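Read the figures in this text as sums done on the coordinates, not as results from a lab. Small disclaimer: the values here were computed from a predicted structure and weren't measured. Because the Cβ atoms are built from the backbone with ideal geometry, glycine has one as well, and the counts that use them run over all protein chains shown.
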Amino acid sequence: RFWPQLAADIKNYPDIVDKHYPQLGSKIDKMDKKIDEILQKANAGQDVDVLFISLIESVGKLIDEGYMNKTLSLLAEIESKAWDKLKDEGRYKLLRFKALAQLNLRQNEEGARTFIEALKHGQTIDRAFSNAALGYLILKDNKNAESSARKALEMDAENIRAYCVLIQIASEEKLSSLIENVPEKIKNHSEIAMAIARRGKINGEDVAEKWL
């Protein structure tokens, strides 16, 4: 986790960024300006939803580069200035990236609640339900975690995160049959393997060795 944290912290030293990473400072400055440019178009009566979605996706890519705090800062700026200009797709994506950045910063409860909030705007998206399921799991609300995970699987039978959540909360009696029903295509996925391994550790049985 050293390098992502270094990338997240280095933004606090603009002289170093300007000297060694000029492309990063330039990219962030462009995003800041883009927010105001799109708002000007919105105030002129233009439909800017697609433009904001593109910008939100660009901001979200900063997460992969380790810039969690800057991601949250830019998303907060968009949220405060343009929330009423966004439709459900834009609101969902903004909140999804916000939750991911929060979780990467170990703001677990905040990230969980943001995933759950995002579901309001992603009712047709299986990932929105599986992310909400993870949020409920983090908050120890197993009932809603299960219902959200099962809704995700109704929409996509190979939703990996949904299965991971269900594996974590399944009773010992139901765990074996649940794992047996994981589609072959995703049964050996690393996230499924990790979920089963954690569950084996929790229940004191080596289910990972038995099923994988």
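Hey, got a sec? Which GluC sites (Glu not before Pro) in region 47-88 land in a DSSP loop and have at most 16 other Cβ atoms within 10 Å? Write out the running numbers ahead of the final one.
On the way: sites: E57, E65, E77, E79; in loops: E65.
In loop regions of region 47-88 (DSSP not H, G, I, E or B), the sparsely surrounded GluC sites (Glu not before Pro) are E65.
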- Query: Cross-link partners among lysines for K61, C-alpha distance below 20 Å, same-chain residues fewer than 8 apart left out?
  - Reply: K11, K27, K30, K33, K34, K70, K93, K98
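Please report the relative contact order for region 84-172, taking Cα pairs under 8 Å with a sequence separation of at least 6, and give it as a percent rounded to a whole number.
Numbers: 127 pairs, mean separation 19.5, N = 89.
Computed over region 84-172, the figure is 22 percent.
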- Message: Name the residue from A132, L95, S190 whose Cα lies farthest towards the positive end of the charge dipole of region 92-191, charges +1 on Cβ of Lys and Arg and -1 on Cβ of Asp and Glu.
- Response: L95
- Task: Quick one: dipole size for region 52-106, taken about the Cα centre, charges +1 on Lys/Arg Cβ and -1 on Asp/Glu Cβ, in debye to the nearest 20.
- Result: 100
- Message: Quick check: the distance between the Cα centres of region 33-58 and region 113-142, to the nearest angstrom?
- Response: 27
